[in-house]
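The values are calculated or read from the model by the stated rules, or taken from the named source; none is laboratory data. Treat the numbers as computed from the prediction; the structure is a model and nothing was measured. Cβ placement follows ideal geometry from the backbone for every residue including glycine, while neighbour counts extend to all protein chains displayed.
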Amino acid sequence: MPAVRVHDAQPDDDLFAYLARTGGDAARRGAVIGAASEFKEGDAALGLAAADLASRTAARRLLANTPVGRLAAAPLFRDALYDALEETLDPRAAAHVATWSLGQLRISS
């Protein structure tokens with residue numbers, strides 16, 4: 001599978017704004033999320049490897065700008081375990097951090 005290229009990301013783009021502007025779907029969203037991670041064996045075969053450092057850096061910036069609530073509202077994968085974990089979330093805590101970006105969440109932890 002081809003490597004993931006993340007180009008033309010604007011400085012204030014979050015993941016969803018970038019995908020809306022560039023025509024991405026759920027599969028592309030998963031690929032960009034995967035490209036933000038350090039390379040691991042098997043990433044290339046799954047189409048999750050960043051094409052280069054610039055793509056990895058851009059993918060990380062997109063994720064850092066993305067609100068927690070937007071990601072929570074659009075899970076890439078949903079199964080019984082996901083549903084069980086979601087049921088245990090404190091709704092007040094989830095609402096409190098929903099507008100935080102992943103970058104803000106990371107800094108506060």
Of all residues in region 27-65, which are assigned to a loop (DSSP other than H, G, I, E, B) and either on the phi > 0 side of the Ramachandran plot or among the basic types (Lys, Arg) (or both)?
Lys40, Gly42, Gly47
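Would you confirm, using the coordinates I've provided, whether Ala59 is over 22 Å from Glu86 (Cα atoms), hydrophobic (A, V, I, L, M, F, W, C) and either surrounded by fewer than 18 Cβ atoms within 10 Å (Cβ to Cβ) or at pLDDT below 95 (or both)? So that I can check it myself, show each step before the final result.
Working: over 22 Å from Glu86 (Cα atoms): yes; hydrophobic (A, V, I, L, M, F, W, C): yes; either surrounded by fewer than 18 Cβ atoms within 10 Å (Cβ to Cβ) or at pLDDT below 95 (or both): no.
No; evaluated as a whole, the condition is false for this residue.
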Would you point out the residue of region 37-56, among those that are more than 12 Å from Ala3 (Cα to Cα) and touching a helix residue (DSSP H, G or I) at 6+ places or on another chain (Cβ under 9 Å), that is surrounded by the most Cβ atoms within 10 Å (Cβ to Cβ)?
Ser37
I want to confirm something. Restricting to region 69-109 and keeping residues that are assigned to a helix (DSSP H, G or I) and β-branched (Val, Ile, Thr), which single residue is nearest to Ala27 (Cα to Cα)?
Val97
